[in-house]
Amino acid sequence: MDTFPVVTDVVLPCLNEAPALTWLLARMPAGYRPIVADNGSTDGSADVARGLGARVVTVPRPGYGAAVHAGIVAADPLDGVVCVMDADGSFDPSELPSVADPVRAGTAHLAVGRRRPVGRGAWPPHARLGNAVLAHRLRRTTGLRVHDIGPMRAARREDLLALDLLDRRFGYPLELLIAAARAGWTVTEVDVAYRPRTAGTKSKVTGSVRGTARAIRDMSAVLGR
């Protein structure tokens, strides 16, 4: 009987991340296939990704959630497990298996990378504080034992789509956790290293107080629904 290798799709929401893509895509572990969900990049990110052999999905609608959703829809339904990870070089793709394994083993419906900063400036104080406040509110309102509204995660594609998430902005990660709690999912956190992003890229959230405030606003709106 023929057997086929398991391939796990990795959605990389991307907005002007060209300087990070060469390192990032070269670090993809065997069996993990990148899908770059290009969300209006003007720095040639899509061309860089294609040149390195990645699949590129063009996402005209602006917003982090829009990019993630489009990438998940484009993922191969046959394998079932899909990962999501920022494309700015702050995460090492070699850690993807440790995040995906609990889902693949059936011990969790959703695994979320809990960021552990490595290197000076990886996670500015204003961003860490905002994340901690939101995580505390989430624990209090849902009972989920999570400490990070993290951008690195894994779940089964069909489960994610069945949640019918609506947020297409920065509220998407929080809406996912709230919906997972309501659906009775088992959610686990996995420690992952969080590094300073690649030079030449800029975080849309942690890179500025304004960006963090915008993300907190979007997430607070989700909590208030």
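The values are calculated or read from the model by the stated rules, or taken from the named source; none is laboratory data. No experiment lies behind these values; they were computed from the predicted model shown. So basically every Cβ, Gly included, is an ideal-geometry build from the backbone, and we count neighbours across all protein chains shown. Heavy atoms of the whole protein, side chains included, go into the accessibility calculation; ligands, DNA and RNA do not. Shrake-Rupley method; radii C 1.70, N 1.55, O 1.52, S 1.80 Å.
Odds and ends about this structure:
- Residue satisfying condition, being open to solvent by 40 Å² or more (accessible area, probe 1.4 Å), of a type outside the set (V, I, T) and without any contact (Cβ under 8 Å) to a residue 60 or more places away in the chain, within set A30, A37, A46: A30
- Residues of segment 60-72 include none that is at positive phi and surrounded by fewer than 18 Cβ atoms within 10 Å (Cβ to Cβ).
- For A181, the conditions (1) in contact (Cβ under 8 Å) with a residue 60 or more places away in the chain; (2) part of a helix (DSSP H, G or I); (3) within 30 Å of V6 (Cβ to Cβ) all hold with the exception of (1).
- Some residue of segment 57-65 being over 22 Å from R195 (Cβ atoms) and of a type in the set (G, A, S): yes
- Consider segment 20-54 and keep the residues that are within 17 Å of the chain's Cα centre (by Cα) and of a type in the set (D, E, K, R). The one that is farthest from R157 (Cα to Cα) is R27.
- Residues located in segment 82-112, provided they are over 21 Å from F170 (Cβ atoms), among the β-branched types (V, I, T) and crowded, with 21+ Cβ neighbours inside 10 Å: V103
- Only one of the listed residues (L52, L25) is of a type outside the set (V, I, T) and buried (at least 19 other Cβ atoms within 10 Å of the Cβ). That residue is L25.
- Members of segment 113-143 found to be crowded, with 19+ Cβ neighbours inside 10 Å, under 22 Å from A183 (Cβ atoms) and in contact (Cβ under 8 Å) with a residue 40 or more places away in the chain, listed by number: G113, L134, L138
- Checked against the criterion of being open to solvent by 20 Å² or more (accessible area, probe 1.4 Å), of a type in the set (K, R) and modelled with pLDDT of 95 or more, the candidates R156, R210, R214 yield just one match: R156.
- Filter result (over 12 Å from A154 (Cβ atoms) and in contact (Cβ under 8 Å) with a residue 24 or more places away in the chain) within segment 83-106: D86, A87, D88, G89, S90, F91, D92, P93, S94
- Of everything listed in (1) touching a strand residue (DSSP E or B) at 6+ places or on another chain (Cβ under 8 Å); (2) open to solvent by 10 Å² or more (accessible area, probe 1.4 Å); (3) of a type outside the set (F, W, Y); (4) in contact (Cβ under 8 Å) with a residue 40 or more places away in the chain, the single unmet condition for V57 is (4).
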